[in-house]
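Okay, structure first, notes after.
FYI, it's all coordinate maths here, none of it is from the lab. Remember, predicted model here, so these are calculated numbers, not experimental data. Using ideal geometry, Cβ is built from the backbone for each residue, glycine included, and neighbour counts are taken over all protein chains shown.
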Amino acid sequence: MSVGWRKESEETLRYLSRMKKCIIFVLLQVVLVSKGLDQPTNFMIGKFTFERPTAWKWIDPSLANEHARMLIMDEVLKEKAIVSFELVIANPVPSFPDKWAEPYLTQSPPPKIVLQTNTVNQCRVITVDISGTKVVNKEPSTNQATHGVIIYLKGEEIGARILGAKPMVDKLKPVFTQIIKEALKPEESP
């Protein structure tokens, strides 16, 4: 009789051990999902692969052609910024600089707009910097900025930009620039 009791106790202990492991696994998954650690770090747009820094959180795209949209929070500056990647395949290709400048153009004083064109890995690349007062949530907001890059390649136009308060956009420019440079590097031959 004591042997049966011992066998049942051992089975119960094994069952409880498996349940404990299952609960730990589920809790770990919940933590990983809530921390965003399950989010992909690389994403493709057109023929280019971009790497997302882990601190940049995926959010739902808000535009029809938007393929990736991320939120960046800065606790020190108490600011946030949006990073957006769009792909347009059209002929003629619409102009991202005009589209990006539009929220600034209705405000006074006029925005500061700087365009710079380069060729990188057979792609025409235009860097766009816009700063000034812009409409945010239907209200004028001062000291706003957009830093973007437009990549033209064989009928495709990829627009990638940072939007937010100018100090936040300025802080993110080096990381953003490195992401773009890495994506535009030529593929290495085996």
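Checked against a 30 Å cut-off, the cross-linked pairs Lys78/Lys154; Lys57/Lys185; Lys99/Lys185 give Cα-Cα distances beyond that limit for Lys78/Lys154. Put in line by how crowded their Cβ is, counting other Cβ atoms within 10 Å and starting with the fewest, Glu51, Glu8 read Glu8, Glu51. Sorted ascending by nearby beta carbons within 10 Å, beginning with the fewest, Trp58, Trp100 become Trp58, Trp100. For region 55-117 and region 130-190, what is the centre-to-centre distance using only Cα atoms, to the nearest Å? About 7 Å separates the Cα centre of region 55-117 from the one of region 130-190.
A simple rule links phi to the HN-Hα coupling: the Karplus curve 6.51 cos²θ - 1.76 cosθ + 1.60 with θ = phi - 60°, which for region 52-63 gives 8, x, 4, 6, 8, 8, 5, 9, 5, x, 10, 10 Hz, with x for Gly and Pro.
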